[in-house]
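The values are calculated or read from the model by the stated rules, or taken from the named source; none is laboratory data. Small disclaimer: the values here were computed from a predicted structure and weren't measured. Positions of Cβ are generated from backbone atoms using ideal geometry, with glycine treated the same way; all protein chains shown enter the neighbour counts. Side chains included, ligands, DNA and RNA excluded: accessible areas come from the protein's heavy atoms. Shrake-Rupley method; radii C 1.70, N 1.55, O 1.52, S 1.80 Å.
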Amino acid sequence: MSIRFRLLLSYLAMVLIPIVFVILSTVLVALLFRGDIKELRNIYLPPEHHQRVTEKDQLLIDLHRESLKNPGQFMNQSYLKKIDNQLSQAGGSSLLVRHGDKIIYQSSKITGLDKDDLPAFGFYGEVDPVEEINHQFVTIKKSDFLFPDNSEGTLFFITDANSLARFARSSFPILFIGLIFILIVTNGLLTYYVSRSIIRPIRKLQKAANQMKEGDLNNPIEVHSKDELGQLAQGFEEMRIRLKESIEKQIAYEENRKELIANISHDLKTPITTIKGYVEGIRDGVANSPEKMERYVQTIYSKSIDLDHMIDELFLYSKLDLQRLPFHFEQLAFDDYLVDFVEELRFDLEKKRIEIYLDIEKSDNYLVMVDREHLKRVVTNIVDNSLKYIDKEDKILSFKLSIIDSQIVFSMKDNGPGIEEKNLPFIFERFYRADLARGTEKGGSGLGLSIAKRIIEEHQGSIWAESSKGQGTTIFIKLKKAGDTIEENSNH
Ligand SMILES: Nc1ncnc2c1ncn2[C@@H]1O[C@H](COP(=O)(O)OP(=O)(O)OP(=O)(O)O)[C@@H](O)[C@H]1O
Ligand SMILES: [Mg+2]
């Protein structure tokens, strides 16, 4: 429940509960006094409309009938006195008779009643059920009839209502105090419950904010309500998680950076030490024959090439890492691109007696958005690895292009030594070499596949490897198809 709705409900309850209380207590008072609430309604209705007939009501009905049948006798004072007595016995009522606008009989119990206070002939409308006449509280019932001379006559049955008024008066302070009490209790309770549901989560948030300020980001914020505060807490919780992630990332990044510097220093140091050693050999005259000299210079040269290659790769990797390497994407048919690439490669490989196969599955098209140059680097890096690590007499490379789940999958398989399963998940990490000793001997820096991975990721694609020791390695590249038709304005 939202806080707004809760406040509205509690406001309504604060208003309605006391009102209901007042109504209920008023009804209760009336019931207590009259015994039946309907009686209140009956006071001004002609007796025949009364719903519940008491002994007194029956008398009134009889009198009414009598007044219609035999109105003359209602001028007889002794008859009236008799009725008056009957009335006073039946229900403590007194009789008053009006003839025209004159009062011809008035019970001795009625004092101080002004004839103007009495309702007119034929009037049965709404009149206060309890009249205050000369500081006396009375209820008045009446019954109209016509005297034999056709003049208007009315019988008034006046009942003392002082006990009701007194009761109302005496219970009024109790009612008033009760009302105030109920008001205070309802307001107090509702305010307590509503504010508790607001203040508690605020305290929790405050505590969490303090913990975060102190750098402790491990404690989740436990506010589960669905109201505005719950949403605020959820936002806060998301902020905490993000902050934690970003700090962890920062730490991991720092670690990475340190490791990177250590790796670079180590990898640069090895060829430089070799170069330095050979240069010293020349300087000190150890290379004392033209053959030795030739060998020394050749080693220095090849180590410089390794160094150059390594620096190039490092430079490329750092540009990729900083996202400073520009990509020029263009739409091209991957199958045609591969046919050209393999043709070019076949020329070099034939000299090295390496077989290369290309299998392109039938498909409508192999359109992709790629950067031609960078993609070539990826494929070259992978082919270089295969060539570098193949240890068999008959060296075979098999490329395959197919569509799987509407994506282009390109695989490059060699029949080399394969990669041990435990090393497989790491070969795309920078500076990773599955077999360190052999890797160094082969002159690799361990950057080739990580560069390939970065480039493929820039293409929104994925790259992975499958391998079994002794059988060979397959590297897979998956790329999104770039539409079904060649775009006219693709940028070449
Ligand atoms: N075709 C393959 N056969 C066997 N092992 C492979 C093959 N391709 C990669 N590897 C293993 O994965 C490691 C990582 O390859 P990666 O190309 O990243 O580095 P590298 O070849 O050692 O160095 P660089 O490519 O920078 O010259 C290699 O050191 C090698 O152990
Ligand atoms: Mg490599």
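Just a few scattered comments:
- Condition check for Leu260: modelled with pLDDT under 85 and more than 32 Å from the chain's Cα centre (by Cα): yes
- Selection status of Glu429, open to solvent by 20 Å² or more (accessible area, probe 1.4 Å), away from ligand 2 (no atom under 11 Å from the Cβ), outside any helix (DSSP H, G or I) and within 27 Å of Ser302 (Cα to Cα): yes
- For region 142-157, the candidate set comprises residues that are open to solvent by less than 10 Å² (accessible area, probe 1.4 Å) and either of a type in the set (Gly, Ala, Ser) or under 16 Å from Gly92 (Cα atoms) (or both); within that set, the residue that is farthest from the chain's Cα centre (by Cα) is Gly153.
- Residue within region 341-349 that is among the aromatic types (Phe, Trp, Tyr), in a helix (DSSP H, G or I) and not assigned by TED's automatic domain parsing to the domain that holds Thr485 present: no
- Checking the stated criteria, Arg52 turns out to be open to solvent by 80 Å² or more (accessible area, probe 1.4 Å), modelled with pLDDT under 70, touching an Asp or Glu at 6+ places or on another chain (Cβ under 8 Å) and not polar (S, T, N, Q).
- Every condition in (1) surrounded by fewer than 20 Cβ atoms within 10 Å (Cβ to Cβ); (2) away from ligand 2 (no atom under 16 Å from the Cβ) holds for Thr380 except the one numbered (2).
- Selection of region 166-196 for residues being in contact (Cβ under 8 Å) with a residue 24 or more places away in the chain and either aromatic (Phe, Trp, Tyr) or in the same structural domain as Val223 (by TED's automatic domain parsing) (or both) yields Phe167, Tyr193.
- Any hit, region 369-388, residues being assigned to a strand (DSSP E or B) and more than 11 Å from ligand 1 (Cβ to nearest atom): yes
- Residue that is loosely packed, with under 12 Cβ neighbours inside 10 Å, farther than 30 Å from His224 by Cα and either touching a strand residue (DSSP E or B) at 6+ places or on another chain (Cβ under 6 Å) or free of Cβ contacts under 8 Å to residues at least 12 places away in the same chain (or both), where the choices are Glu280, Glu248, Glu238: Glu280
Rundown of residues vs (1) open to solvent by less than 100 Å² (accessible area, probe 1.4 Å); (2) of a type in the set (Gly, Ala, Ser); (3) in contact with a helix residue (DSSP H, G or I) (Cβ under 6 Å, 6 or more places away or on another chain), yes/no style:
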| position | (1), (2), (3) |
| --- | --- |
| Pro271 | yes, no, yes |
| Thr274 | yes, no, yes |
| Tyr301 | no, no, no |
| Ser304 | yes, yes, no |
